[in-house]
Amino acid sequence: MNIQKIAFEEINGRLLEFLDSSPTSFHAVAGMKERLEAAGYRRLYEGQSWKLEAGSGYYVTRNDSALIAFRIPKADFKGFQIMASHSDSPTFKVKSNAEIEVDRQYLKLNVEKYGGMLCAPWLDRPLSVAGRVVVRRADGVETRLVKVDRDLLIIPNLAIHMNRQVNEGYAFNAQKDMLPLLGDGTAKDGFLKLIAGEAGVDEADILDTDLFLYTRDKGTVLGLNGEFLAAPRLDDLQCAFASLEGFLGAEPKESVAVHCVMDNEEVGSGTKQGAASTFLRDVLHRINTGLGRTEEQYLTALASSFMVSADNAHGVHPNQPDKADPTNRPYLNQGIVIKYSANQKYTTDAISGAIFKSICEKAGVPYQTFTNRSDMLGGSTLGNISNAQVALNTVDIGLPQLAMHSCYETAGSRDTGYLAEAARVFYSLTVSGDGDGNYQLI
Ligand code: ZN
């Protein structure tokens, strides 16, 4: 074990900053771009031809909400070492023509669900809006990121006196219960004005928007001994962050290291920037052709590649310990969770599980295992969806957390450091097999 050298506090500090500056997938990608640029990575565009050099690092985005960064080793490469996570989290999207007046005394916003969130935590806390606006220009359209960086909105609960049964369970109606309050009667026509002001454009030039609610609560480290870390959007920016940490610290020798962050996992991945799209396949293919290699070499490389699909996992809940499987019980701070599912909702099999355990052992970080209770359906993730586009030896993993899909989730304060270190070791390796189930980690 060499976990003594992991700077947990420092990593958590930067994780919390990243979470705070990433209210939407667009902002998460912008933040990762900044770090990659600072580390000397060069930007590529899907709409231009790629001339790649051995020993260099590059990144490309799609829709400004998905990102793939890669580093090519100096020598000719054997395969790809890929870690994939997702940039989006469940939230509420602001609809077009969003303003709704109530008794001419209130102005609220019309919103709809994005993904499957726990509704209750969104109530009674300061919220705001972030996303992108697309504005008219003389020769086309232009996109601007926006983040209204102040307490702006609130979704008030109904008083207990008007719903005495609420603590026995309540079915939230998204069209009725979840609309945020923006202002009083004087706020009318003020929403788009505010957004235009934040974007630095004329309101009349806004042609369209992708705007989402985000909670204003900042992340924090808590627990008697600082054991826990609670914050918005841990699923899955905690994995995206740890993947990038490991990627930037790695030294790939015989494989191309690929840091991949997809969008729209929370709504089924079926978009052009989601895991079901061709984005990863296109990028891997273009890395191959960009270095003047043949199709045969591409297919050979895929057979010597390994993918880690990194998406957070359920830790055993302190108040509901029987919701977890009887023998696979992940706890916070006990390490990276390897996820199994017999019906292959998770891609892990004995080979990819064993290879990932070997990687953790090389990194000196702990791992644990997850399966759903046999009488419970679990969630889904990126791995098997992505494998339909580009079939790779893949393991599904994640960091253990509580309250998944709440707008304020809880995780362990050591696990991000563990995954960052495992990612660093993983990205520096090559996993190659002989076709008979024997693999070498070099
Ligand atoms: Zn997730």
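The values are calculated or read from the model by the stated rules, or taken from the named source; none is laboratory data. Model, not experiment: these values are computed from the prediction. Methodologically, a virtual Cβ is constructed for each residue, glycine included, from the backbone with ideal geometry; neighbour enumeration extends over all protein chains shown. Heads up: the accessible areas ignore ligands, DNA and RNA and are worked out on the full protein's heavy atoms, side chains in. Shrake-Rupley method; radii C 1.70, N 1.55, O 1.52, S 1.80 Å.
I'm trying to understand the selection: among the residues of the stretch 328-347, which are open to solvent by less than 60 Å² (accessible area, probe 1.4 Å) and either more than 16 Å from the ligand (Cβ to nearest atom) or in contact (Cβ under 8 Å) with a residue 60 or more places away in the chain (or both)?
As a first pass, look at the stretch 328-347 and keep what is open to solvent by less than 60 Å² (accessible area, probe 1.4 Å): 328, 330, 332-333, 335-341, 346-347.
Answer for the stretch 328-347, where residues must be open to solvent by less than 60 Å² (accessible area, probe 1.4 Å) and either more than 16 Å from the ligand (Cβ to nearest atom) or in contact (Cβ under 8 Å) with a residue 60 or more places away in the chain (or both): 328, 330, 332, 333, 335, 336, 337, 340.
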Exercise for the section: State whether one or more residues within the stretch 353-370 are within 15 Å of the ligand (Cβ to nearest atom), outside any helix (DSSP H, G or I), in contact with a strand residue (DSSP E or B) (Cβ under 8 Å, 6 or more places away or on another chain) and within 27 Å of residue 90 (Cβ to Cβ). Expected result: yes
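Scan the strands (runs of 3 or more DSSP E) fully inside the stretch 87-139 and keep the ones with 2 or more residues being within 20 Å of residue 404 (Cβ to Cβ) and out of contact with any Gly (no Cβ under 6 Å at 6 or more places or on another chain). Before you say what the answer is, go through the steps one by one.
Working: elements: 91-102, 106-114, 127-137.
The strands (runs of 3 or more DSSP E) meeting that bar are 91-102, 106-114.
Test residue 221 against the criterion of being closer than 19 Å to residue 36 by Cβ, more than 16 Å from the ligand (Cβ to nearest atom), touching a Phe, Trp or Tyr at 6+ places or on another chain (Cβ under 9 Å) and not in a helix (DSSP H, G or I), and give yes or no.
no
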Problem - Close pairs (6 angstrom Cβ cut-off, 6 or more residues apart or separate chains): within 18 Å of residue 308 (Cα to Cα) in the stretch 260-272, away from the ligand (no atom under 11 Å from the Cβ) and of a type in the set (D, E, K, R) anywhere - result: none
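Out of all the residues in the stretch 260-269, is one or more within 13 Å of the ligand (Cβ to nearest atom) and of a type in the set (S, T, N, Q)? Break it down stepwise before answering.
Filtering the stretch 260-269 for residues within 13 Å of the ligand (Cβ to nearest atom) gives 261-269.
Imposing the further condition that a residue be of a type in the set (S, T, N, Q) reduces the set to 264, 269.
Yes: one or more hits.
Quick check on my filter: what residues within the stretch 45-86 are part of a loop (DSSP other than H, G, I, E, B) and crowded, with 22+ Cβ neighbours inside 10 Å? Spell out how you get there, then give the answer.
Within the stretch 45-86, the subset part of a loop (DSSP other than H, G, I, E, B) is 45-56, 63-65, 72-78.
Those that are part of a loop (DSSP other than H, G, I, E, B) and crowded, with 22+ Cβ neighbours inside 10 Å: 65, 77.
Go through 241, 247 for me and flag whichever is within 16 Å of the ligand (Cβ to nearest atom), within 24 Å of the chain's Cα centre (by Cα), part of a helix (DSSP H, G or I) and modelled with pLDDT of 95 or more. Steps first, answer last, please.
On the way: 247 fails: within 16 Å of the ligand (Cβ to nearest atom).
From the options 241, 247, the qualifying one is 241.
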Handout entry: Residue identified as acidic (Asp, Glu), in contact with a Ser or Thr (Cβ under 9 Å, 6 or more places away or on another chain) and more than 16 Å from the ligand (Cβ to nearest atom) among 34, 9
Key = 9
Practice task
Scan the stretch 308-327 for residues that are touching an Asp or Glu at 6+ places or on another chain (Cβ under 8 Å) and either away from the ligand (no atom under 16 Å from the Cβ) or among the charged types (D, E, K, R) (or both) and jot them down.
Solution key: 311
